[in-house]
Amino acid sequence: MPSYLKDVVPIMPLTDEEILRHESATHCFICEESSPSPLDSSPNSQNMRKVRDHDHILELLDDDFVHLSYKPEEAISCLLHLDANNLYGSAMSQYLPHSNFKWLSTEEKVNFDITQWCSNPTSDVGYILEVDILYAQELHDLHDELQFCPENIVPPIEGKRQVKLIPNLFNKNKYVLHYRNLYQAVTHGLKIDKIHRILSFNQSNWLQPYIDLNTGKRQAAKNTFGNDLYKLFVNAIFGKCMEAVDKHLNIKLVSRWKNYKRSRSAESLTASPHFQSLYF
């Protein structure tokens, strides 16, 4: 038996004498509040019979982790069940990059005003920034439930090695994000310590007509096939937009035009339907 189980006191059932004493109690043994007699069969008495079982606070925990600072008068007294539909379609209906990608000069980077250039989600020009962000200590309690700027990091737990996308309250170093995400973080108290690079581009809601067309077709669908078809038309475009094309490269280094033993030659590789280009 483990050592920590040796001092565990088992919970024993009540004896017959204790049950009888409980059922025949006429008052609360803590506050002396009266309880009707078990022999009284009147309706009001029956409803009040268990008054002796009401609760009392016997001892308050003084542990810092039990949140004794909870104030019920400041708590929200309602629960909301929220369900967002068409998340992919909604994201692709926003203003998205399409042309004129370029790095801002050092002078433009120095004069870049976050509040001026990043506050308009429908601007013709958008930005992706690489910045250092300070997460001030005074924001930690406020953002404890949901943090800005998540990172792909190894969990700071012994034995963990797998990289996970983790929201955290750490400062960010060379963090890359869209200007709308940066503006949201800054308006909630995060500070920009340094701007390393800024990529600008022209943007518009160029995918919105396609999304609206498929959304309308899906709403008008009369069966499950039609509903799923137009949903997948949207989801497929989302997947292609997220595709990392640079991971699809297959580069072969060869020194012969004709096949030699088991090694493939440049001649056979260029005959493949997947061949795109050749460099000497």
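No lab work stands behind these numbers, since they all come straight from the coordinates. All figures in this text were calculated on a predicted structure; none of them were measured in a lab. Neighbour counts run over all protein chains shown; Cβ positions are idealised from the backbone, glycine included.
Taking a spot 7 Å from the Cα of Asp83 along the direction of its beta carbon, which residues of the stretch 211-253 have an amide N less than 18 Å from it? From the stretch 211-253, the list is 219, 224, 227-228, 231.
Maximal additional length on extending the His188-Asp132 stretch stands at 18.6 nm, based on 0.36 nm per residue less the C-alpha distance. Derived scalar couplings between HN and Hα for the stretch 240-252 equal 5, 5, 8, 5, 8, 5, 5, 7, 9, 6, 10, 9, 10 Hz in order, rounded to whole Hz, by the Karplus curve 6.51 cos²θ - 1.76 cosθ + 1.60 (θ = phi - 60°), x for Gly and Pro. For the Cα trace of the stretch 75-168, dividing Rg by the Kirkwood Rh returns an Rg/Rh value of 1.03. Here each label is just a point 7 Å from Cα along the line to Cβ, and for Thr270 and Lys102 those points are 3.8 nm apart. Just to confirm a number: summing +1 for Lys and Arg and -1 for Asp and Glu over residues other than Arg197 whose beta-carbon lies under 13 angstrom from that of Arg197, what do you get? Local charge sum for Arg197: +1. Pairs from the table (Lys109/Lys194; Lys109/Lys174; Lys172/Lys194) all lie within 18 angstrom of each other at Cα. Full extension of the chain between Glu151 and Thr26 yields a length gain of 38.8 nm, computed as 0.36 nm times the residue separation minus the alpha carbon distance. Each Lys and Arg adds +1 at its Cβ and each Asp and Glu adds -1 at its Cβ; summed about the Cα centre, the stretch 189-280 shows a dipole of about 460 debye. Which of rounded, prolate, oblate describes the stretch 190-280, given a ≥ b ≥ c as roots of the alpha-carbon gyration tensor eigenvalues and a/c under 1.5 marking rounded, otherwise prolate only if a/b is larger than b/c? Cα axes put the stretch 190-280 in the oblate bin.
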